[in-house]
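Scroll down for the structure; my scribbles are underneath it.
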Amino acid sequence: MSTPIPKDGNPKPKRSSLQFLESLSPDYLESLHQQYQKDPNSISPDFAFFFDILDLGQDERSAISPISAQDNNVAQVLRVNELIEAYRMRGHLLARLDPLGLYHPVIDPHLDLSYFQLNQLPEKTIFRAAESIGIPPSSLSEIVEHLKTTYSNYIGVEYHYIRDEKIKSWLQTNIEKNRNQTKFSPDDKLRFLKHLFRASIFENFLQSNYTGQKRFSLEGAEVLIPALKHGITVCSELGAEEIVIGMSHRGRLNMLANVMEKPYQEIFKEFEGAELPEMAEAMGDVKYHQGYSTDGLTWNNKKIHLSLAPNPSHLEWVNPVVEGVVRAKQDTKYQADRTKVVPFLIHGDAAIIGQGVVPETLNLAHINGYRTGGTIHIVINNQIGFTTLPRAARSSLYCTDHGKGFQCPIFHVNGDHVEDVVHTINLACEYRMKFKRDVFVDIWCYRRFGHNEGDEPRFTQPVMYRVIHEHPSPLEIYIQQLTQDKSVDQAEVDKFSKGFKEQLDKRRSEIRNSPRILQADMFRGLWQGFELSNEMKMLSPVETGITDKHFKSVIDVIHHIPDNVKPLPKFKRLLDARKKRINEADQIDWAVAEQLAFGSLLLEGIPVRLSGQDSIRGTFSQRHLAMRDTQSGKRYYFLHQLYAKQASFYCFDSPLSEAAVMGFDYGYSVAQPNSLVLWEGQFGDFANSAQVIIDQFITSAESKWYRMSGLCLLLPHGYEGQGPEHSSGRLERFLQLCAQNNIQVTYPTTPAQYFHLLRRQIHRKFRKPLIVMTPKSPLRMSEVVSKKNEFLKSHFKNVLLTGNQKDPKRVILCSGKVYWDILREAGNRKKENDILLVRVEQIYPLDKQKILELFQKYSNAKGGWIWVQEEPKNMGAWSFIRLNLLDLGITELKYVGRPAAASPATGSYLKHEREQRQLIEESLSY
Ligand SMILES: Cc1ncc(C[n+]2csc(CCOP(=O)(O)OP(=O)(O)O)c2C)c(N)n1
């Protein structure tokens, strides 16, 4: 028989969960029951649960009134239980989350009693069910009322998908114990009220004094301020010493002022118009992107360090950066104790579901190299994104649905109900601190005005804004509630609000007539002792050679396999051959040079962190920072064995993410200037999946936000016939971003040069992002080796010269791998002593002085000056070099390389070879 179709067209599903009983034979049930009575663990948990309830009803010794056989209607007990479970799973669908009352979930939660056929139940059955949710014996309507208050009032909870029973039952107990509410004391209530006042008055003050200036008002979501104040205090009570916050534009100024305690006058300065800090390269950023950090106080006067990460307009991209900052602090200041530093990420409802970097970052949460012990996610869910409504913004029911996939509990709460929000934050923070896992609090609110202060929201949302216009503010609602139940004294409230307004007026007038210069505040905490850089400092040689002793220690350690570790024979042969080359032929290859850089820094007390896809072994099977024991499968890390007091060495194979992982490592580098931090691309071009991190953070943060970073990006690059996506690290992209000494872009050709480059990152008094185009085939080219003495007393050289330095017939400028191709062919043609090869090892900042000197010396070369590159003409370094040489007055520079192309490289190996032969041929034809 088919199911009747009701008028709305959707067949009403039949309740089915008890049907399984009907399909089982009584004999089978009886035998299962006997088995259960012998050993409840010997049958499936579902049946055990069923018999638990059955037997509970028959237990004459129960403290609760015994249930007679006649009353023991198993099906009915189970139905009540199903009802309870249904509320736990779907109660949130009925919760009154939207302060505006405009939202109605379209999904039928099936929580009505008729659905469970629960209209006439024996009293004792109900008592038994009531007991199972921890409430006194009551009527069915009381049970339902209890469930509604707990799961469907102003808080909706999602946690049924959590697989870990311990976690699930902790949540259930804490949610159900007081009907998911807290009875706050009058003092608490007064405190929430004052925070709401601050939030609200601050916005009004800015509105009336700086009308029309963008501030992305918090109004409609003012509850964020008391909630955050409370959450920070809970974390502090449970052991946190630092909180790192990432958030976007919405309410950021309010947060800076009223949570971070950035002096009001500092914020007003930015509205009044202030000069940038006295720093040559400062470009600054708008006020609602700036970061801030302070030693603040919780509301119960405990000290806590608070940092708000600066962020670009690109929503959500700050998330992995915050996680990296937190991890660096945990690693270096708190011996990896994840309770000490807690990340808070504050999201918008449109952004959190739309931006892929969100799930990418969530995916880091439990991975060894990236975990931070759980993030507290708070969504300012104002039910709109600029002009876009939720139905156009997502396919999911909630904007927080990514969280479910990562097993996070999610609390949805009505933002007009301050105490419910604070209660929820409280629970979320306790959860994070206990289980060290991510948790979400989705605060349903609204945006009182337009997207920004110049925006007219009624163009697109006339109905919504008519409702908003009529709707009292959270502050008004709370005042009314508190005055009604007489829990606060009106006189005290008035006094507070008057005093706060006067304070804001005073701060504003203080700065009006004094010079207004913004503070850069760059060199605090771990940054003490660092200084600003400039071009000269970036080009000056820095001695980075190491001692013979350190050289030997590293070489020994990276070639030593202890007796109790069983290597793959092939790997052992590889190590032996490498050691032999070092000892007997004095040939140090790229991978060894890199380990010499890492190892020597570790010996000097500098931690090193490398993360990237398959980085431990290396994409090209070149690195082998660790080997696997063939018996146990465990990893043996060579560079952990240097000596007892060496610095920490971290190397991680990252998840297959560029955006989140590069963002994370960038964050790590910003919070840890005294470590060498490296991110590696599988192939260089994959870095473009993280282009936002490169554009908005790595290359511009120092100028916008006065934050240095020494992050190193390792990008395998070089034309070897591997097709469009495995050839180019997109050198041109980085070069286009270069200005004001913001980054260093390099394409070193020798192992020793690479070694000094890495060590130089640490041995200077400033930090600067370093982009390195790294080799693929040169990793194994016999000529790409360096000698021991090049590692002992030396430094990185911006430019290297080879060939005829007296009267060259041609001057060939190039960078990176193509040098080796030209050199080899010049050798074949016996031309190596005719030409001068100028390797530009550091392309930015370019050592112009050196180039100019060379030009003055060799401008008469008959074969002229050429720039040779493997990349197409519209890519690589050509445009950059040409423009720079033009600035120096060098106009006669010829291009040799592939013609401009849409795709970085051909997919045909034959075509690749032809092109490569041709450009080498051309560079040697004069
Ligand atoms: C990645 C990105 N795309 C587009 C924008 C432009 N933009 C700024 S705010 C905004 C709406 C954000 O909505 P929501 O996340 O709900 O936050 P709200 O402004 O409502 O607080 C958009 C589209 C941006 N800043 N970042």
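In this rough spin-label picture, where each label sits 7 Å from Cα along the Cβ direction, the residue 886-residue 568 distance is 5.1 nm.
With the charge dipole of region 428-553 set up from +1 on Lys and Arg Cβ and -1 on Asp and Glu Cβ about the Cα centre, the Cα lying farthest toward the positive end among the listed residues 541, 446, 497 is that of 541. Between the alpha-carbon centres of region 675-741 and region 282-307 there is a gap of 29 Å. Surface composition of the chain: carbon plus sulfur atoms contribute 51% of the solvent-accessible area (1.4 Å probe, protein chains only, all chains present). Label-to-label distance for residue 181 and residue 100 is 2.8 nm, based on points extended 7 Å past Cα in the beta-carbon direction. A Förster distance of 45 Å, applied to the separation of the beta-carbon atoms of residue 509 and residue 301, puts the FRET efficiency at 0.90.
What residues of region 859-889 lie in the reach of a label at residue 535, counting those whose backbone N is under 17 Å from a point 7 Å from the Cα along Cα→Cβ? Within reach of a label on residue 535: 880-889. Per residue, the accessible area of the chain comes to 42 Å², computed with a 1.4 Å probe over protein heavy atoms only. Let a ≥ b ≥ c be the square roots of the eigenvalues of the Cα gyration tensor of region 391-493; is it rounded (a/c under 1.5), or, if not, prolate (a/b larger than b/c) or oblate? Oblate. Extension gain for residue 862 to residue 543 (0.36 nm times residue separation, less C-alpha to C-alpha distance): 111.1 nm. Considering only 326, 279, 290, and ranking their Cα positions along the charge dipole of region 265-327 that arises from unit charges at the beta-carbon of Lys, Arg, Asp and Glu, the one farthest toward the positive end is 326. Contact order, relative form, for the chain: 10 percent (alpha carbon pairs under 8 Å, 6 or more residues apart, mean separation divided by residue count). Rounded, prolate or oblate: pick one for region 600-723, where a ≥ b ≥ c are the square roots of the eigenvalues of its C-alpha gyration tensor, a/c under 1.5 means rounded, and failing that, prolate if a/b is larger than b/c, else oblate. Cα axes put region 600-723 in the oblate bin.
The simple Förster model, with R0 at 51 Å and r as the Cβ-Cβ distance, assigns residue 486 and residue 674 a FRET efficiency of 0.35.
Reachable aspartates and glutamates from residue 183, Cα under 14 Å, same-chain residues fewer than 8 places away excluded? Output for residue 183: 419, 420, 485. Each residue, residue 107 and residue 85, gets one label point 7 Å from its Cα in the Cβ direction; the gap between the two is 1.7 nm.
With both residues required to sit in the chain, DSSP beta bridges show an antiparallel share near 25%.
Only aspartates and glutamates eight or more places from residue 704 in sequence, or on another chain, were considered; those with a Cα closer than 16 Å are 270, 275, 278, 281, 285, 521, 695. For residue 148, the lysines whose Cα falls under 16 Å of its own Cα, not counting residues fewer than eight places away in the same chain, are 177. Basic side chains Lys and Arg get +1 at the Cβ, acidic Asp and Glu get -1 at the Cβ, and with that the dipole of region 612-707 about its Cα centre reaches some 420 debye. Along the axis of the charge dipole computed for region 459-570 (Cβ charges of +1 for Lys and Arg, -1 for Asp and Glu, origin at the Cα centre), the listed residues 525, 477, 514 are led at the positive end by 514.
The GluC sites (Glu not before Pro) of region 862-919 meeting both criteria, a DSSP state outside H, G, I, E and B (loop) and at most 15 other C-beta atoms within 10 angstrom of the site's C-beta, are 892. By its C-alpha gyration tensor, with a ≥ b ≥ c as the square roots of the eigenvalues, how is region 242-401 shaped: rounded for a/c under 1.5, else prolate for a/b larger than b/c, else oblate? It is oblate, given that a/c is not under 1.5 and a/b is not larger than b/c. Centroid-to-centroid, using Cα positions, region 182-199 and region 456-504 are 14 Å apart. Computed per residue of the chain from DSSP H runs no shorter than four, each worth -39500 (n - 2.57), the mean residue ellipticity at 222 nm is -12000 deg cm²/dmol.
For the pair residue 173 and residue 389, the difference between a 0.36 nm per residue extended length and the Cα-Cα distance amounts to 74.2 nm. Remark: the residue 75-residue 149 segment gains 24.1 nm on full extension, using 0.36 nm per residue and subtracting the alpha carbon distance. In this Cβ point-charge picture (+1 for Lys and Arg, -1 for Asp and Glu), the chain has a dipole of about 3160 debye about its Cα centre. Computed from the C-beta positions of residue 294 and residue 337, the FRET efficiency with R₀ = 30 Å rounds to 0.85.
The values are calculated or read from the model by the stated rules, or taken from the named source; none is laboratory data. If you're wondering where the values come from, they're calculated on a predicted model, not measured in any experiment. Glycine also receives a Cβ, built like all others from the backbone with ideal geometry; neighbour counts cover every protein chain displayed. Side chains included, ligands, DNA and RNA excluded: accessible areas come from the protein's heavy atoms. Shrake-Rupley method; radii C 1.70, N 1.55, O 1.52, S 1.80 Å.
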